[in-house]
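> Okay, here's the structure, questions in a sec.
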């Protein structure tokens with residue numbers, strides 16, 4: 001197998017293994033200022049020599065950490081099952 005040099009993968013792997021995680025910031029600002037701020041932040045990433053496709057992301061926090069485990073219509077009906085002591089499978093509940 002040919003060895004390939006990927007500087008982004010190498011850097012991100014080093015950060016992961018060395019626990020050098022990126023920091024997140026909350027953007028508590030008016031929506032009218034958000035786009036200008038994001039463009040300026042992206043420019044800072046680029047000027048630091050980083051590829052913004054890998055080193056810049058805007059994300060929104062939500063209160064459903066594992067959305068795939070819940071039905072879309074009613075979020076309190078879990079799709080996760082458990083094996084009970086009597087060897088029956090039952091839906092997991094809080």
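The values are calculated or read from the model by the stated rules, or taken from the named source; none is laboratory data. None of the values given here were measured: they were computed from a predicted structure. Glycine gets a Cβ as well: all are built from the backbone with ideal geometry, and neighbour counts include every protein chain shown.
> When residue 33 is evaluated against the numbered criteria (1) within 23 Å of the chain's Cα centre (by Cα); (2) surrounded by 10 or more Cβ atoms within 10 Å (Cβ to Cβ); (3) at pLDDT 90 or above, which criterion, by number, is the only one it fails?
Only one criterion is unmet by residue 33, namely (1).
> Can you tell me which condition residue 19 does not meet? The list is (1) part of a helix (DSSP H, G or I); (2) on the phi > 0 side of the Ramachandran plot, and all the others hold.
Tallying (1) part of a helix (DSSP H, G or I); (2) on the phi > 0 side of the Ramachandran plot, residue 19 fails exactly one: (1).
> From 88, 15, 79, which residue is surrounded by 10 or more Cβ atoms within 10 Å (Cβ to Cβ) and modelled with pLDDT under 90?
The conditions single out 79.
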